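As structure tokens, the structure follows; a few thoughts come after it.
The values are calculated or read from the model by the stated rules, or taken from the named source; none is laboratory data. Values in this document were obtained by computation on a predicted structure and should not be read as measured data. A quick note on method: Cβ atoms are made from the backbone with ideal geometry, for glycine too, and the neighbour counts reach across all protein chains shown. Ligands, DNA and RNA are stripped out before the accessible areas are found, and what is left, the full protein with its side chains, is counted by its heavy atoms. Shrake-Rupley method; radii C 1.70, N 1.55, O 1.52, S 1.80 Å.
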Amino acid sequence: MAKPQIYSLDTSFFMDWQARYYPVDVFRTLDERIEALVEEERGLAVALVREEIDAVGTPELRAWAKKHRRLFVPMSSEIQKAGAAIEARYPDLLDPKSPYQSADAYVIALAQIEGGIVVSQETSAAEKRKPPKNHYVPDVCRELGVHCVNLLGLMRRERWVI
């Protein structure tokens, strides 16, 4: 029997889903589908994503994250080592002005370790007009051979009709 597909969810996924484009009061079915992914332990996020949500998320998103604690994976030594290696190889993935530690490298590390797919709303440097840095989550994923999709890509992979 095939192992179920795991998704490593980036902070940008949560922000675009709830705070920007797909609010749960309008897209209830999407909310139900994402909650099911969490319940099935197929939708995961590293603990650093929770910290970012607490720092920049809307009150509604922070409340949702608090209600769904089990989706946040502790920062195991394996995730920490893999994430640190990614940060060392791609230092511009980090935002030196950020008041909190960036979760990006660890989101990618979780997908690497679990054989999963990163779900991020970031766009690659090549798709930006004048990118301030050379590497964003999709760029690093591509270079490391980790599959990366956005929310729409997740919906298509899961064959969700909302």
Descending principal axes extents, the chain, alpha-carbon based, whole Å: 39, 38, 28
Based on the mean of other beta carbon atoms within 10 Å per residue, what is the order of 70-79, 34-43, most packed first? 34-43, 70-79
Helix 77-89 against the longest principal axis of the chain: what's the angle in degrees, Cα atoms only, rounded to the nearest 10? 50
Given 25 °C and 0.890 mPa s, how large is the Stokes-Einstein diffusion coefficient of region 66-121 in µm²/s, with Rh as the Kirkwood radius over Cα pairs? 201
All-pairs Cα distance distribution in region 6-70, expressed in whole percent, bin size 5 Å: 4, 18, 32, 31, 14, 2
What are the extents of the Cα atoms of region 106-157 along their three principal axes, in Å, largest first? 33, 23, 15
Spatial separation of Cα centroids for region 74-120 and region 123-146, in angstrom: 14
Average accessible surface area per residue within the chain, 1.4 Å rolling probe, Å²: 55
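For the peptides 123-134, 81-92, 20-31, what is the packing order when you average, over each peptide's residues, the other Cβ atoms within 10 Å and list the highest mean first?
Top to bottom by mean Cβ count within 10 Å: 81-92, 20-31, 123-134.
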